[in-house]
1. If each residue of separation counts as 0.36 nm, what is the full-extension length gain between HIS364 and LYS249 once their alpha-carbon separation is subtracted?
2. Of all trypsin sites (Lys or Arg not before Pro) in the range 351-434, which ones are in loop regions per DSSP and have a Cβ with at most 15 other Cβ atoms within 10 Å?
3. Provide, for the range 303-431, the number of lysine pairs with alpha carbons under 25 Å apart, each pair being eight or more places apart or on different chains.
4. Is it possible to state the helix-based mean residue ellipticity at 222 nm for the chain, with each DSSP H run of 4+ residues giving -39500 (n - 2.57), the sum divided by total residues, to the nearest 500 deg cm²/dmol? What is it?
5. Per 0.36 nm of contour for each residue apart, how much would the distance between GLU308 and VAL213 grow if the chain were fully extended, relative to their Cα-Cα spacing?
6. Express the relative contact order of the range 303-431 as a whole percentage, based on alpha carbon pairs under 8 Å and six or more residues apart in sequence.
7. With N set to the number of residues, divide the alpha-carbon radius of gyration of the range 254-303 by 2.2 N^0.38 Å and report two decimals.
8. Would you tally the net charge around PRO309, using a Cβ to Cβ cut-off of less than 12 Å, leaving PRO309 out, and scoring K and R as +1, D and E as -1?
Amino acid sequence: MTIDEAIAWIHSRKKFGSRPGLDRIQALLDKVENPEKKVPVIHIAGTNGKGSTVAYLRSIFIEAGVTVGSFTSPYIEEFNERIAIDAQPIPDSALIHYVEKYQPIVADLDDQPAIGGITEFEILTAIMLDYFAEEAVDVAIVEVGLGGLLDSTNVVSPILTAITTIGYDHMEILGDTLNEIAQQKAGIIKKNIPVVTGNITKGPLIEIVEKAVAETAKIYRYGEEYQVDYLRPDPNWGELFSFTDSAGKLTSLKVPLLGRHQVENAGVAIMLYHLYCEGQGLPFEERTIQKGLANAQWPARMEKISDEPLIVMDGAHNGHAIKRLAENMKREFRGYTIRILFSALETKDVDQMLSLLSEIPNAHIYLTTFEYPKALDLSRFDKSDSRFDVVSLWQFGLGELLEDMGADDLLLITGSLYFVSEVRQLLLNLGGKNEKS
(Lines give C-alpha, C1' and ligand atoms only; values in the text may rest on other atoms or scores of the structure.)
Protein backbone atom coordinates (compact mmCIF):
# COMPACT_ATOMS: atom_id res chain seq x y z
CA MET A 1 0.00 0.00 0.00
CA THR A 2 1.23 3.50 -0.83
CA ILE A 3 0.68 6.52 1.39
CA ASP A 4 -1.73 7.96 -1.20
CA GLU A 5 -3.79 4.76 -1.06
CA ALA A 6 -3.78 4.81 2.74
CA ILE A 7 -5.00 8.42 2.89
CA ALA A 8 -7.56 7.72 0.13
CA TRP A 9 -9.05 4.92 2.24
CA ILE A 10 -9.30 7.22 5.27
CA HIS A 11 -10.95 9.88 3.08
CA SER A 12 -13.35 7.29 1.67
CA ARG A 13 -15.07 7.28 5.07
CA LYS A 14 -16.06 10.94 4.58
CA LYS A 15 -19.24 9.61 2.96
CA PHE A 16 -20.53 8.85 6.47
CA GLY A 17 -20.17 12.52 7.43
CA SER A 18 -20.03 13.67 11.04
CA ARG A 19 -22.00 11.41 13.37
CA PRO A 20 -22.01 12.43 17.03
CA GLY A 21 -21.82 9.51 19.45
CA LEU A 22 -19.26 7.25 21.12
CA ASP A 23 -20.58 3.76 20.33
CA ARG A 24 -18.70 3.30 17.04
CA ILE A 25 -15.33 4.63 18.24
CA GLN A 26 -15.58 2.60 21.44
CA ALA A 27 -16.33 -0.57 19.49
CA LEU A 28 -13.31 0.11 17.30
CA LEU A 29 -10.99 0.75 20.26
CA ASP A 30 -12.23 -2.37 22.03
CA LYS A 31 -10.91 -4.38 19.05
CA VAL A 32 -7.36 -3.00 19.49
CA GLU A 33 -6.91 -3.41 23.26
CA ASN A 34 -8.15 0.05 24.24
CA PRO A 35 -5.21 2.40 23.66
CA GLU A 36 -7.33 5.26 25.03
CA LYS A 37 -6.65 3.87 28.50
CA LYS A 38 -2.88 3.97 28.03
CA VAL A 39 -2.34 7.60 26.95
CA PRO A 40 -2.22 10.57 29.41
CA VAL A 41 -4.34 13.18 27.61
CA ILE A 42 -4.88 16.92 27.89
CA HIS A 43 -8.26 17.36 26.20
CA ILE A 44 -9.05 20.74 24.60
CA ALA A 45 -12.46 21.93 23.38
CA GLY A 46 -13.70 25.35 22.23
CA THR A 47 -15.29 27.11 19.28
CA ASN A 48 -12.03 28.84 18.33
CA GLY A 49 -8.51 28.92 19.73
CA LYS A 50 -8.09 25.16 20.16
CA GLY A 51 -5.39 24.81 17.53
CA SER A 52 -3.18 27.68 18.65
CA THR A 53 -3.59 26.62 22.30
CA VAL A 54 -2.36 23.16 21.29
CA ALA A 55 0.53 24.73 19.36
CA TYR A 56 1.65 26.86 22.33
CA LEU A 57 1.34 24.05 24.87
CA ARG A 58 3.08 21.56 22.58
CA SER A 59 5.97 23.96 22.03
CA ILE A 60 6.37 24.53 25.79
CA PHE A 61 6.42 20.77 26.38
CA ILE A 62 9.06 20.29 23.69
CA GLU A 63 11.19 23.02 25.29
CA ALA A 64 10.79 21.25 28.66
CA GLY A 65 11.94 17.92 27.19
CA VAL A 66 8.51 16.27 27.56
CA THR A 67 7.62 13.89 24.71
CA VAL A 68 4.28 15.22 23.49
CA GLY A 69 1.73 13.88 21.05
CA SER A 70 -0.75 16.23 19.37
CA PHE A 71 -3.98 15.64 17.49
CA THR A 72 -5.33 18.59 15.50
CA SER A 73 -7.59 19.35 12.55
CA PRO A 74 -7.78 20.28 9.79
CA TYR A 75 -4.32 19.97 8.30
CA ILE A 76 -2.68 22.93 6.57
CA GLU A 77 0.48 21.59 4.94
CA GLU A 78 0.19 17.79 4.91
CA PHE A 79 -2.37 15.23 6.03
CA ASN A 80 0.04 13.48 8.44
CA GLU A 81 0.48 16.62 10.56
CA ARG A 82 -2.88 15.97 12.23
CA ILE A 83 -1.18 13.25 14.28
CA ALA A 84 2.29 14.31 15.49
CA ILE A 85 4.89 13.59 18.17
CA ASP A 86 7.09 16.53 19.20
CA ALA A 87 5.57 18.43 16.24
CA GLN A 88 6.83 15.79 13.77
CA PRO A 89 3.99 14.35 11.66
CA ILE A 90 3.31 10.62 11.83
CA PRO A 91 5.62 8.93 9.26
CA ASP A 92 4.05 7.55 6.07
CA SER A 93 5.18 4.04 7.04
CA ALA A 94 3.39 4.24 10.39
CA LEU A 95 0.19 5.63 8.88
CA ILE A 96 0.19 2.84 6.26
CA HIS A 97 0.72 0.29 9.05
CA TYR A 98 -2.30 1.53 10.97
CA VAL A 99 -4.53 1.72 7.89
CA GLU A 100 -3.66 -1.89 7.05
CA LYS A 101 -4.42 -2.81 10.67
CA TYR A 102 -7.78 -1.01 10.77
CA GLN A 103 -9.18 -1.81 7.31
CA PRO A 104 -10.35 -5.38 8.14
CA ILE A 105 -11.61 -4.33 11.59
CA VAL A 106 -13.69 -1.51 10.10
CA ALA A 107 -15.00 -3.85 7.40
CA ASP A 108 -16.19 -6.30 10.10
CA LEU A 109 -17.85 -3.52 12.10
CA ASP A 110 -19.57 -2.24 8.93
CA ASP A 111 -21.51 -5.51 8.88
CA GLN A 112 -23.04 -4.67 12.28
CA PRO A 113 -25.91 -2.18 11.77
CA ALA A 114 -25.66 -0.68 15.27
CA ILE A 115 -22.00 0.35 14.91
CA GLY A 116 -21.38 0.32 11.14
CA GLY A 117 -20.38 3.39 9.17
CA ILE A 118 -17.36 4.42 11.20
CA THR A 119 -16.38 7.93 10.08
CA GLU A 120 -13.09 9.38 8.87
CA PHE A 121 -12.61 11.31 12.12
CA GLU A 122 -13.34 8.24 14.23
CA ILE A 123 -10.69 6.24 12.35
CA LEU A 124 -8.18 9.06 12.79
CA THR A 125 -8.99 9.22 16.50
CA ALA A 126 -8.33 5.50 16.88
CA ILE A 127 -5.09 5.63 14.86
CA MET A 128 -3.91 8.60 16.94
CA LEU A 129 -4.52 6.87 20.26
CA ASP A 130 -2.96 3.61 19.02
CA TYR A 131 0.15 5.43 17.75
CA PHE A 132 0.63 7.48 20.92
CA ALA A 133 0.16 4.39 23.10
CA GLU A 134 2.70 2.37 21.10
CA GLU A 135 5.20 5.23 21.10
CA ALA A 136 4.58 5.79 24.84
CA VAL A 137 4.36 9.58 24.70
CA ASP A 138 4.62 11.36 28.05
CA VAL A 139 1.43 13.30 27.30
CA ALA A 140 -0.92 13.83 24.35
CA ILE A 141 -2.76 17.08 23.62
CA VAL A 142 -6.00 16.12 21.91
CA GLU A 143 -8.16 18.70 20.14
CA VAL A 144 -11.89 17.99 20.06
CA GLY A 145 -13.29 17.63 16.56
CA LEU A 146 -16.80 18.99 17.11
CA GLY A 147 -18.51 19.92 20.37
CA GLY A 148 -17.25 17.72 23.18
CA LEU A 149 -19.83 15.51 24.84
CA LEU A 150 -20.47 13.29 21.80
CA ASP A 151 -17.18 13.88 19.97
CA SER A 152 -15.20 10.71 19.28
CA THR A 153 -12.21 12.06 21.23
CA ASN A 154 -14.34 12.01 24.38
CA VAL A 155 -13.44 8.35 24.95
CA VAL A 156 -10.19 9.50 26.57
CA SER A 157 -9.59 9.63 30.32
CA PRO A 158 -7.86 13.01 30.56
CA ILE A 159 -5.45 14.29 33.18
CA LEU A 160 -6.48 17.89 32.35
CA THR A 161 -9.17 19.53 30.22
CA ALA A 162 -9.65 23.01 28.75
CA ILE A 163 -12.37 24.99 26.98
CA THR A 164 -10.94 27.94 25.07
CA THR A 165 -13.93 29.91 23.77
CA ILE A 166 -17.67 29.59 23.20
CA GLY A 167 -19.18 31.00 20.00
CA TYR A 168 -21.81 30.20 17.39
CA ASP A 169 -20.74 27.31 15.14
CA HIS A 170 -22.14 23.91 14.14
CA MET A 171 -25.47 24.99 15.61
CA GLU A 172 -27.36 22.27 13.72
CA ILE A 173 -25.58 19.76 15.99
CA LEU A 174 -24.61 21.69 19.14
CA GLY A 175 -27.65 23.89 19.75
CA ASP A 176 -29.00 27.35 18.94
CA THR A 177 -27.77 29.26 21.99
CA LEU A 178 -24.32 29.84 23.47
CA ASN A 179 -25.48 28.16 26.69
CA GLU A 180 -26.50 25.01 24.79
CA ILE A 181 -23.19 25.02 22.91
CA ALA A 182 -21.35 25.44 26.23
CA GLN A 183 -23.18 22.42 27.66
CA GLN A 184 -21.94 20.29 24.76
CA LYS A 185 -18.35 21.47 25.10
CA ALA A 186 -18.47 21.02 28.88
CA GLY A 187 -19.10 17.35 28.16
CA ILE A 188 -15.32 16.81 28.20
CA ILE A 189 -15.14 17.70 31.92
CA LYS A 190 -14.44 14.57 33.96
CA LYS A 191 -14.77 13.72 37.63
CA ASN A 192 -12.01 15.28 39.77
CA ILE A 193 -10.03 16.37 36.68
CA PRO A 194 -9.02 20.08 36.61
CA VAL A 195 -10.46 22.25 33.81
CA VAL A 196 -9.05 25.53 32.45
CA THR A 197 -11.33 28.03 30.71
CA GLY A 198 -10.39 30.82 28.32
CA ASN A 199 -12.11 34.18 27.77
CA ILE A 200 -15.74 33.04 27.90
CA THR A 201 -18.78 35.27 28.48
CA LYS A 202 -20.82 34.96 31.67
CA GLY A 203 -23.81 32.86 30.53
CA PRO A 204 -21.85 30.04 28.85
CA LEU A 205 -19.24 30.16 31.63
CA ILE A 206 -21.96 29.51 34.22
CA GLU A 207 -22.89 26.32 32.33
CA ILE A 208 -19.25 25.18 32.40
CA VAL A 209 -18.85 26.03 36.10
CA GLU A 210 -22.03 24.10 36.95
CA LYS A 211 -20.70 21.05 35.11
CA ALA A 212 -17.33 21.38 36.86
CA VAL A 213 -19.06 21.59 40.27
CA ALA A 214 -21.17 18.53 39.47
CA GLU A 215 -17.99 16.61 38.59
CA THR A 216 -15.99 18.08 41.52
CA ALA A 217 -13.52 19.26 38.88
CA LYS A 218 -11.44 22.22 40.06
CA ILE A 219 -11.83 25.09 37.60
CA TYR A 220 -9.23 27.69 36.59
CA ARG A 221 -10.94 30.63 34.92
CA TYR A 222 -9.48 33.37 32.75
CA GLY A 223 -9.46 36.57 34.78
CA GLU A 224 -10.11 34.73 38.06
CA GLU A 225 -7.70 31.93 39.00
CA TYR A 226 -5.24 33.23 36.42
CA GLN A 227 -4.72 36.58 34.70
CA VAL A 228 -3.43 37.48 31.25
CA ASP A 229 -2.44 41.10 30.74
CA TYR A 230 -2.02 42.23 27.16
CA LEU A 231 0.85 44.71 26.81
CA ARG A 232 1.40 45.70 23.17
CA PRO A 233 2.20 44.37 19.71
CA ASP A 234 5.74 43.19 19.10
CA PRO A 235 7.42 45.35 16.42
CA ASN A 236 8.60 42.21 14.61
CA TRP A 237 5.16 40.49 14.52
CA GLY A 238 3.40 38.97 17.48
CA GLU A 239 2.07 40.11 20.84
CA LEU A 240 3.65 40.87 24.24
CA PHE A 241 1.91 40.02 27.50
CA SER A 242 2.27 38.91 31.11
CA PHE A 243 0.70 35.98 32.95
CA THR A 244 -0.19 35.72 36.65
CA ASP A 245 -1.47 32.82 38.72
CA SER A 246 -0.89 31.38 42.20
CA ALA A 247 2.84 30.91 41.45
CA GLY A 248 3.34 34.61 40.76
CA LYS A 249 3.79 36.78 37.69
CA LEU A 250 5.57 35.91 34.44
CA THR A 251 6.61 39.00 32.50
CA SER A 252 8.24 39.52 29.11
CA LEU A 253 6.21 36.83 27.38
CA LYS A 254 5.73 36.90 23.61
CA VAL A 255 3.63 34.91 21.16
CA PRO A 256 4.73 34.94 17.51
CA LEU A 257 1.13 35.05 16.23
CA LEU A 258 -0.67 38.34 15.74
CA GLY A 259 -3.92 39.18 17.52
CA ARG A 260 -4.92 40.01 21.05
CA HIS A 261 -6.85 36.75 21.30
CA GLN A 262 -3.56 34.88 20.86
CA VAL A 263 -2.40 35.97 24.31
CA GLU A 264 -5.65 34.56 25.72
CA ASN A 265 -4.95 31.21 24.01
CA ALA A 266 -1.38 31.30 25.32
CA GLY A 267 -2.75 31.96 28.81
CA VAL A 268 -4.81 28.76 28.65
CA ALA A 269 -1.70 26.87 27.51
CA ILE A 270 0.46 28.26 30.34
CA MET A 271 -2.18 27.45 32.97
CA LEU A 272 -2.43 23.88 31.64
CA TYR A 273 1.35 23.55 31.68
CA HIS A 274 1.52 24.80 35.28
CA LEU A 275 -1.09 22.24 36.37
CA TYR A 276 0.81 19.50 34.50
CA CYS A 277 4.04 20.48 36.25
CA GLU A 278 2.28 20.39 39.63
CA GLY A 279 0.84 16.96 38.88
CA GLN A 280 4.14 15.52 37.64
CA GLY A 281 6.46 17.22 40.10
CA LEU A 282 8.24 19.18 37.35
CA PRO A 283 9.70 22.69 37.70
CA PHE A 284 7.52 25.51 36.37
CA GLU A 285 10.15 27.82 34.87
CA GLU A 286 9.62 31.15 33.12
CA ARG A 287 12.50 30.58 30.68
CA THR A 288 10.94 27.33 29.43
CA ILE A 289 7.63 29.10 28.81
CA GLN A 290 9.28 32.09 27.12
CA LYS A 291 11.28 29.91 24.72
CA GLY A 292 8.42 27.51 24.13
CA LEU A 293 5.99 30.28 23.18
CA ALA A 294 8.56 32.04 21.01
CA ASN A 295 9.16 28.83 19.02
CA ALA A 296 5.48 27.99 18.51
CA GLN A 297 4.29 27.74 14.93
CA TRP A 298 0.69 27.53 13.79
CA PRO A 299 0.24 28.13 10.05
CA ALA A 300 -2.62 30.17 8.59
CA ARG A 301 -3.50 31.96 11.82
CA MET A 302 -2.66 35.63 11.31
CA GLU A 303 0.39 34.33 9.46
CA LYS A 304 2.53 36.69 7.42
CA ILE A 305 3.38 34.90 4.19
CA SER A 306 5.23 37.78 2.54
CA ASP A 307 6.52 41.27 3.37
CA GLU A 308 6.65 42.64 -0.17
CA PRO A 309 3.81 42.53 -1.02
CA LEU A 310 2.34 42.23 2.48
CA ILE A 311 0.23 39.05 2.55
CA VAL A 312 -1.52 37.81 5.69
CA MET A 313 -3.52 34.57 6.01
CA ASP A 314 -6.03 33.73 8.70
CA GLY A 315 -8.35 30.73 8.74
CA ALA A 316 -11.17 32.59 10.47
CA HIS A 317 -13.88 30.09 9.54
CA ASN A 318 -16.88 31.28 11.56
CA GLY A 319 -18.44 34.50 12.84
CA HIS A 320 -16.69 34.39 16.21
CA ALA A 321 -13.27 34.13 14.56
CA ILE A 322 -14.04 36.74 11.89
CA LYS A 323 -15.07 39.21 14.62
CA ARG A 324 -11.64 38.78 16.25
CA LEU A 325 -9.92 39.06 12.87
CA ALA A 326 -11.74 42.31 12.06
CA GLU A 327 -10.72 43.74 15.44
CA ASN A 328 -7.09 42.83 14.75
CA MET A 329 -7.13 44.38 11.29
CA LYS A 330 -8.64 47.63 12.59
CA ARG A 331 -6.06 47.87 15.37
CA GLU A 332 -2.90 46.65 13.67
CA PHE A 333 -3.20 47.83 10.06
CA ARG A 334 -4.50 51.38 10.11
CA GLY A 335 -3.32 53.25 7.04
CA TYR A 336 -3.26 50.20 4.76
CA THR A 337 -5.58 49.58 1.85
CA ILE A 338 -6.81 46.07 2.58
CA ARG A 339 -7.89 43.64 -0.12
CA ILE A 340 -9.66 40.57 1.26
CA LEU A 341 -9.82 37.32 -0.72
CA PHE A 342 -12.56 35.33 1.00
CA SER A 343 -14.24 31.98 0.69
CA ALA A 344 -16.09 29.78 3.14
CA LEU A 345 -18.36 26.77 3.42
CA GLU A 346 -22.10 27.11 2.92
CA THR A 347 -22.62 25.52 6.34
CA LYS A 348 -21.35 28.73 7.97
CA ASP A 349 -23.18 32.03 8.50
CA VAL A 350 -21.51 33.66 5.50
CA ASP A 351 -23.71 36.78 5.60
CA GLN A 352 -22.60 37.51 9.17
CA MET A 353 -18.95 36.91 8.25
CA LEU A 354 -19.16 39.29 5.27
CA SER A 355 -20.96 41.92 7.36
CA LEU A 356 -18.12 41.86 9.93
CA LEU A 357 -15.42 42.03 7.25
CA SER A 358 -17.22 44.97 5.63
CA GLU A 359 -16.67 46.98 8.82
CA ILE A 360 -12.88 47.02 8.30
CA PRO A 361 -11.88 50.51 7.09
CA ASN A 362 -10.24 50.84 3.66
CA ALA A 363 -11.10 47.23 2.83
CA HIS A 364 -12.63 45.63 -0.24
CA ILE A 365 -13.79 42.01 -0.39
CA TYR A 366 -13.23 39.62 -3.28
CA LEU A 367 -15.60 36.66 -2.97
CA THR A 368 -14.53 33.38 -4.49
CA THR A 369 -15.04 29.62 -4.22
CA PHE A 370 -12.89 26.49 -4.32
CA GLU A 371 -13.06 22.74 -4.94
CA TYR A 372 -14.53 21.33 -1.75
CA PRO A 373 -17.88 19.85 -0.66
CA LYS A 374 -20.34 22.63 0.29
CA ALA A 375 -17.92 25.38 -0.80
CA LEU A 376 -19.40 28.86 -1.24
CA ASP A 377 -22.05 29.13 -3.99
CA LEU A 378 -21.25 32.39 -5.79
CA SER A 379 -24.50 32.40 -7.76
CA ARG A 380 -26.47 33.58 -4.74
CA PHE A 381 -24.57 36.89 -4.47
CA ASP A 382 -25.73 40.10 -6.09
CA LYS A 383 -22.82 41.13 -8.29
CA SER A 384 -23.96 44.77 -8.09
CA ASP A 385 -23.25 44.88 -4.35
CA SER A 386 -20.53 47.53 -4.00
CA ARG A 387 -19.05 45.83 -0.92
CA PHE A 388 -17.45 43.08 -2.95
CA ASP A 389 -16.40 41.69 -6.29
CA VAL A 390 -17.15 38.10 -7.29
CA VAL A 391 -14.16 36.10 -8.54
CA SER A 392 -15.11 32.74 -10.06
CA LEU A 393 -11.56 31.30 -10.10
CA TRP A 394 -9.53 32.22 -7.03
CA GLN A 395 -6.21 31.48 -8.78
CA PHE A 396 -6.85 34.20 -11.38
CA GLY A 397 -8.24 36.59 -8.76
CA LEU A 398 -5.16 36.08 -6.60
CA GLY A 399 -2.86 36.75 -9.55
CA GLU A 400 -4.65 40.00 -10.43
CA LEU A 401 -4.62 41.19 -6.81
CA LEU A 402 -0.89 40.53 -6.46
CA GLU A 403 -0.14 42.39 -9.72
CA ASP A 404 -2.05 45.47 -8.55
CA MET A 405 -0.58 45.70 -5.04
CA GLY A 406 1.47 48.68 -3.93
CA ALA A 407 3.56 49.49 -0.87
CA ASP A 408 0.53 50.57 1.19
CA ASP A 409 -1.61 47.57 0.26
CA LEU A 410 -2.27 44.45 2.34
CA LEU A 411 -3.74 41.24 0.97
CA LEU A 412 -5.73 39.28 3.56
CA ILE A 413 -6.70 35.72 2.62
CA THR A 414 -9.36 34.39 4.99
CA GLY A 415 -12.41 32.22 5.53
CA SER A 416 -12.42 28.44 5.46
CA LEU A 417 -9.18 26.83 6.63
CA TYR A 418 -9.52 24.42 3.70
CA PHE A 419 -9.55 27.39 1.32
CA VAL A 420 -6.75 29.23 3.08
CA SER A 421 -4.54 26.11 3.04
CA GLU A 422 -5.04 25.74 -0.73
CA VAL A 423 -4.01 29.34 -1.37
CA ARG A 424 -1.11 29.00 1.06
CA GLN A 425 0.28 25.97 -0.75
CA LEU A 426 0.17 27.80 -4.09
CA LEU A 427 1.92 30.88 -2.68
CA LEU A 428 4.62 28.79 -0.99
CA ASN A 429 5.17 26.81 -4.18
CA LEU A 430 5.67 30.12 -5.97
CA GLY A 431 8.28 31.06 -3.38
CA GLY A 432 6.10 33.69 -1.73
CA LYS A 433 7.21 32.96 1.82
CA ASN A 434 10.17 35.18 2.63
CA GLU A 435 9.60 35.55 6.34
CA LYS A 436 8.16 33.04 8.78
CA SER A 437 6.01 34.50 11.53
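The values are calculated or read from the model by the stated rules, or taken from the named source; none is laboratory data. Not measured: the values here are computed from a predicted model. Every residue, glycine as well, gets a Cβ built from its backbone with ideal geometry; the counts of neighbours run over all protein chains shown. For accessibility, only protein heavy atoms count, side chains too; no ligands or nucleic acids. Shrake-Rupley method; radii C 1.70, N 1.55, O 1.52, S 1.80 Å.
1. 37.2 nm
2. On the way: sites: LYS374, ARG380, LYS383, ARG387, ARG424, LYS433; in loops: LYS374, LYS383, ARG387, LYS433.
Passing sites in the range 351-434 are LYS374, LYS383, ARG387.
3. Close lysine pairs under the 25 Å cut-off: 9.
4. After summing the helix terms and dividing by residue count, I get -12000 deg cm²/dmol.
5. Separation in residues times 0.36 nm, less the Cα-Cα distance, equals 29.0 nm.
6. On the way: 205 pairs, mean separation 47.7, N = 129.
Relative CO of the range 303-431 lands at 37 percent.
7. Computed over Cα atoms of the range 254-303, the ratio equals 1.22.
8. That works out to -4.
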